[in-house]
Amino acid sequence: MAKKSTPILVYRPGETKPVRAGVFSWSPETRVGEFAYDAGYLEEREAISLDPMGLRFRRSVIKEARQDGIFGVFRDAGPDAWGRDTY
């Protein structure tokens, strides 16, 4: 199966329109995630790091092999299983 990619949009403080920060890619075969900031985003003065520890600003691809290949900041933003359990 091919690598899946999705653009990552960010709402900066005080703004009402999102901007594209970069692209997240994930491979079901390797279960490794990759994130690359867009070059234009890195050049913006108002750019913010998506995660100061795990996704620091850099021009190269950042890889994540832990947590099933999903960066922590993306895990936190996604839905979880809370409330789905039936008793």
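Tell me, please, whether a residue that is over 20 Å from K3 (Cβ atoms), among the hydrophobic types (A, V, I, L, M, F, W, C) and touching a helix residue (DSSP H, G or I) at 6+ places or on another chain (Cβ under 7 Å) can be found in the range 51-70. The answer is yes, given that some residue of the range 51-70 is over 20 Å from K3 (Cβ atoms), among the hydrophobic types (A, V, I, L, M, F, W, C) and touching a helix residue (DSSP H, G or I) at 6+ places or on another chain (Cβ under 7 Å). Each residue in the range 23-35 was checked for being in contact (Cβ under 8 Å) with a residue 24 or more places away in the chain and within 12 Å of F71 (Cβ to Cβ), and 6 pass.
Does T30 qualify as being in a loop (DSSP other than H, G, I, E, B) and closer than 15 Å to K63 by Cα? Judged against the criteria, T30 is a match. For the range 9-31, taking the residues that are in contact with a helix residue (DSSP H, G or I) (Cβ under 7 Å, 6 or more places away or on another chain) and of a type in the set (G, A, S), the one that is surrounded by the fewest Cβ atoms within 10 Å (Cβ to Cβ) is identified as G22.
Restricting the first member to the range 44-65 and to residues that are without any contact (Cβ under 8 Å) to a residue 40 or more places away in the chain, and the second to residues that are in a loop (DSSP other than H, G, I, E, B) and exposed (fewer than 10 other Cβ atoms within 10 Å of the Cβ), the beta-carbon pairs closer than 9 Å and six or more apart or on different chains are E46/P13; I48/P13. Do the conditions hold for R84, that is, is it at pLDDT 90 or above, more than 24 Å from Y11 (Cβ to Cβ) and not polar (S, T, N, Q)? It is false that R84 is at pLDDT 90 or above, more than 24 Å from Y11 (Cβ to Cβ) and not polar (S, T, N, Q).
The values are calculated or read from the model by the stated rules, or taken from the named source; none is laboratory data. As the structure is a prediction and not an experimental result, all values here were calculated from the model. Positions of Cβ are generated from backbone atoms using ideal geometry, with glycine treated the same way; all protein chains shown enter the neighbour counts.
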